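Before any comments, here is the structure.
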Amino acid sequence: QVQLVESGGGLVQAGSSLRLSCVVSGGTSSNYAMGWFRQAPGKEREFVGAVTWTGANTYYTDSVKGRFTISRDNAKNTAFLQMSSLKSEDTAVYYCAASTYKGSPTIVAEFDFWGQGTQVTVSS
């Protein structure tokens, strides 16, 4: 059974950087597109960005473009979300997800496996 475990969340000040990690077990991460979502209190889960299963392409929601970077290390079965210039509106629980979809998945329904989430809080 595929399991995803996120780490790296925490409390930071606005303008700071943070890197989240997502370790895949029970499967090979190179078989999946890897995505990141976030959910703030009272809001729906929101797509942040993803890297295709080939690793050739990354894509992001507009609000994080130029500030967030997704990467993957298939040798370590790990995906990363590097966040910089953090803003208070980035505060949310961040979820890692894996998709068997061979295109560019962006919606919750296109992802098959999910982590438990890690809290990111940005103070202004």
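The values are calculated or read from the model by the stated rules, or taken from the named source; none is laboratory data. Note that this is a predicted model, so its numbers are computed, not measured. Heads up, the Cβs are rebuilt from the backbone with ideal geometry, glycines too, and the neighbour counts pull from every protein chain shown. Side chains included, ligands, DNA and RNA excluded: accessible areas come from the protein's heavy atoms. Shrake-Rupley method; radii C 1.70, N 1.55, O 1.52, S 1.80 Å.
Short-range pairs are left out: with C-alpha atoms under 8 Å and at least six residues apart, the relative contact order of the chain is 36 percent.
Per residue, how much accessible area does region 61-124 show when a 1.4 Å probe rolls over the protein heavy atoms, in square angstrom?
It amounts to 48 Å² per residue over region 61-124.
The distance linking region 4-22 with region 45-72 is 15 Å (Cα centroid to Cα centroid, whole angstrom). Accessible-area rank, largest first, for Thr91, Thr100: Thr100, Thr91, with all protein chains present and a 1.4 angstrom probe.
If you stretched the chain out fully between Gln119 and Val5, how much longer would it get, using 0.36 nm times the residue separation minus the C-alpha to C-alpha distance?
39.8 nm
For Ala109 and Ala56, the FRET efficiency from 1/(1 + (r/R0)^6), where r spans their Cβ atoms and R0 equals 25 Å, is about 0.60.
Taking 0.36 nm per residue of sequence separation and removing the Cα-Cα distance, the Ala40/Ser25 pair yields an extension gain of 2.7 nm. Partners of Lys65 within straight-line reach, counting aspartates and glutamates whose Cα lies under 18 Å from its Cα and excluding those fewer than 8 residues away in the same chain: Glu46, Glu89, Asp90. Sorted from longest to shortest, the spans of the Cα atoms of the chain along the three principal axes equal 39, 26, 24 Å. Only protein heavy atoms count here; on that basis, with a 1.4 Å probe, Ile107 has an accessible area of about 90 Å². Accessible surface of the chain, 1.4 Å probe: 48 percent of it comes from carbon and sulfur atoms.
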